[in-house]
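In what follows, a structure is listed as structure tokens, so that the remarks can point back to it.
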Amino acid sequence: MSLIRQDSRPLYILVKNKLEELIADGIYQPGDQLPSESKLAEEFGVSRATLREGLRVLEEGKVNRKHGVGTFIKEDSLWFEGGIEELSSLTEMIEDLGLNAGTTCLDSEDIKANGELAKRFDTKEGSLLLNIQRIRTADEEPVAYCNDYLLKEVLTDMVDHEDLYGSIFELLQDKCGIFITHAVSDVIPITIDHEVNKILGISDDRVPLLLLKQMHYDAEDRPILYSESYFRSDKFRFHVVRKRS
């Protein structure tokens, strides 16, 4: 594909812009090695010197050039990396990074607890739960899919649909008088979940998911909220500090 065209911008800028388009379109994925300079120069219809200048400008944010090895697309940087000993909402985690937390509510409905959910909530099978399915975003980019279950009996008449777009911790505290004090968590790596990948807009199956299953309790040790949250592993990484007694 020749970059020679009626365009007043320098050729190296056209090289840079074309490579950014190829990255954005998923032709080149994070971690991929670009073709050789001679091959790219021939493909773009420019000199190797022009290509190198385009790569030099692109290097500031999109690629890594390793001398004697080649040029690679930069891996996406993690947004959150830390322990999960301190319990906080996903809204708080995103906002603590200086990003704007957002929510797309996919569905919310009353359901009857099956055997597994009844056991988790220590309640009778068939008890009413509110099931909420949401996409959580950071600066409008999908980063997590959350499937949450709340005991219907703890929700007051003050709770409305708009509350489902914010922090459930704040909803429970502000409108139900319930303060979540602790949670029991399981972190499970998920290699591929095509349905969740589609929801989060992940086109590359090489991006695994982290499934965080959490049962949340109040000060009286009552099970209040059960969550299954799927996090993009290229944005979040969790660890646990273990101490020897």
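The values are calculated or read from the model by the stated rules, or taken from the named source; none is laboratory data. Just so it is clear, the structure is predicted and the values come from calculations on it, not from any experiment. We place every Cβ from the backbone using ideal geometry, glycine too, and count neighbours over all the protein chains shown. Note: accessible area is taken over every heavy atom of the protein model, side chains too, but ligands, DNA and RNA are not part of it. Shrake-Rupley method; radii C 1.70, N 1.55, O 1.52, S 1.80 Å.
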- Do you know which of the residues in the stretch 141-156 that are of a type outside the set (Val, Ile, Thr) and outside any strand (DSSP E or B) is least open to solvent (accessible area, probe 1.4 Å)? Leu155
- Answer with yes or no whether Ile4 is modelled with pLDDT under 85, in a loop (DSSP other than H, G, I, E, B) and of a type in the set (Val, Ile, Thr). yes
- Please tell me if Thr137 is of a type in the set (Val, Ile, Thr), free of Cβ contacts under 8 Å to residues at least 60 places away in the same chain and within 26 Å of Asn100 (Cα to Cα). yes
- Listed residues Gly126, Gly201; which is closer than 30 Å to Gly26 by Cα and in contact with a strand residue (DSSP E or B) (Cβ under 6 Å, 6 or more places away or on another chain)? Gly201
- (1) open to solvent by 50 Å² or more (accessible area, probe 1.4 Å); (2) part of a loop (DSSP other than H, G, I, E, B): which one isn't true of Thr123, the others all being true? (1)
- Query: Taking the stretch 65-75, which residues are at pLDDT below 80 and surrounded by 14 or more Cβ atoms within 10 Å (Cβ to Cβ)?
  - Reply: Arg65, Lys74
- Across the stretch 157-173, what is the number of residues that are modelled with pLDDT of 90 or more and open to solvent by 30 Å² or more (accessible area, probe 1.4 Å)? 3
- Given (1) at pLDDT 85 or above; (2) within 26 Å of the chain's Cα centre (by Cα), Leu58 misses just (1)
- Message: Against the definition (open to solvent by less than 40 Å² (accessible area, probe 1.4 Å), farther than 15 Å from Gln214 by Cα, at pLDDT below 90 and in contact with a Leu (Cβ under 9 Å, 6 or more places away or on another chain)), how does Ala138 come out, yes or no?
- Response: yes
- Pairs returned, first residue in the stretch 166-191 that is assigned to a strand (DSSP E or B), second residue that is of a type in the set (Val, Ile, Thr) and surrounded by 13 or more Cβ atoms within 10 Å (Cβ to Cβ), beta-carbon separation under 7 angstrom, 6 or more apart or interchain, are Ile180/Ile224; Ser185/Ile84
- Message: Quick check on my filter: what residues within the stretch 89-120 are open to solvent by less than 80 Å² (accessible area, probe 1.4 Å), without any contact (Cβ under 8 Å) to a residue 12 or more places away in the chain and over 16 Å from Leu225 (Cβ atoms)?
- Response: Gly98, Asn114, Gly115
- Task: From (1) at pLDDT below 85; (2) more than 28 Å from the chain's Cα centre (by Cα); (3) among the hydroxyl-bearing types (Ser, Thr, Tyr), pick out the condition that doesn't hold for Ser47.
- Result: (1)
